[in-house]
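Report on one structure; see the data block that follows.
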Amino acid sequence: MTAQISDTFIFKGGQYTLIGMEGGELISPEQFGMRPEMIHTACYRGFYATYELTETGLYLRELTLCEKDGNYLPINGVLPEKENYQASYYNLTVLVPFTGRIRFAKDFIQEMYIHMGFQRPTAFKTVYDITLDNGRVVKLNDQSKEMERKRGLLRRSLRYFKQLILRKNPVSEAFSLDMNKE
């Protein structure tokens, strides 16, 4: 399996990666009359987007997709730039009336990379949960400290299991009640 291309969020001058969502979809090509198909193994869903979250709302700014029939329709009057087997729409101003919660992050920690699906919140130094109502921010929650705590627990667990595996008889040691074991 391959790590997937995530949607991007521009927020307060920073660029973030979408890593979680509750409440439905943000944007899909079907909303614009197009049917996406896999671009490549890093984009099974067939599209990825860039959004901007401003004080006035959530906006779709860019969309890249592979349309199943090559039928690339204008989005709010914007025509795509075609590139081989996909097309990209730039300079969009599509208001996204999303209601729900999104989690996005930045400052990726390379050693936490997983070569499958989307990256986990613990793989980033900066993590935000943002609750939106009709595309407007109603709550902002910085989750960075919590992810740092979880990352520490995860690293300690991994170190423990690595040590266990390197020992002569890890199964019997795991079930041992020996008072002298670490």
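Bear in mind these aren't lab numbers, they're just calculated from the coordinates by the rules spelled out. What you see is a predicted model, and the numbers here were worked out from it, not measured in a lab. A quick note on method: Cβ atoms are made from the backbone with ideal geometry, for glycine too, and the neighbour counts reach across all protein chains shown.
Which of the peptides 56-65, 133-142, 33-42 is most tightly packed, and how do the rest follow, going by the mean number of other Cβ atoms within 10 Å of each residue?
Most protected by this proxy first, the peptides run 56-65, 33-42, 133-142.
Please order LYS12, LYS106 by the number of other Cβ within 10 Å, starting at the fewest.
Taking fewest neighbouring Cβ atoms as first place, the list is LYS12, LYS106.
What whole-number value in cubic angstrom gives the convex hull volume per residue for the C-alpha atoms of region 40-113?
Dividing the Cα hull volume of region 40-113 by its residue count gives 147 Å³.
Checking the table LYS106/LYS150; LYS82/LYS106; LYS68/LYS106 against a 22 Å threshold on Cα-Cα, which pairs fail?
LYS82/LYS106; LYS68/LYS106
What net charge do the residues around TYR72 carry, taking every other residue with its C-beta under 12 Å from that of TYR72, with Lys and Arg at +1 and Asp and Glu at -1?
-1
From zero up to wherever the largest Cα-Cα distance of region 14-58 sits, split into 5 Å bins and tell me the percent of pairs in each.
Pairs per bin, as whole percents: 5, 15, 22, 28, 20, 8, 3, 0.
What is the sum of charges, Lys and Arg at +1 and Asp and Glu at -1, for the other residues whose Cβ falls under 14 Å from the Cβ of LYS12?
Local net charge: -2.
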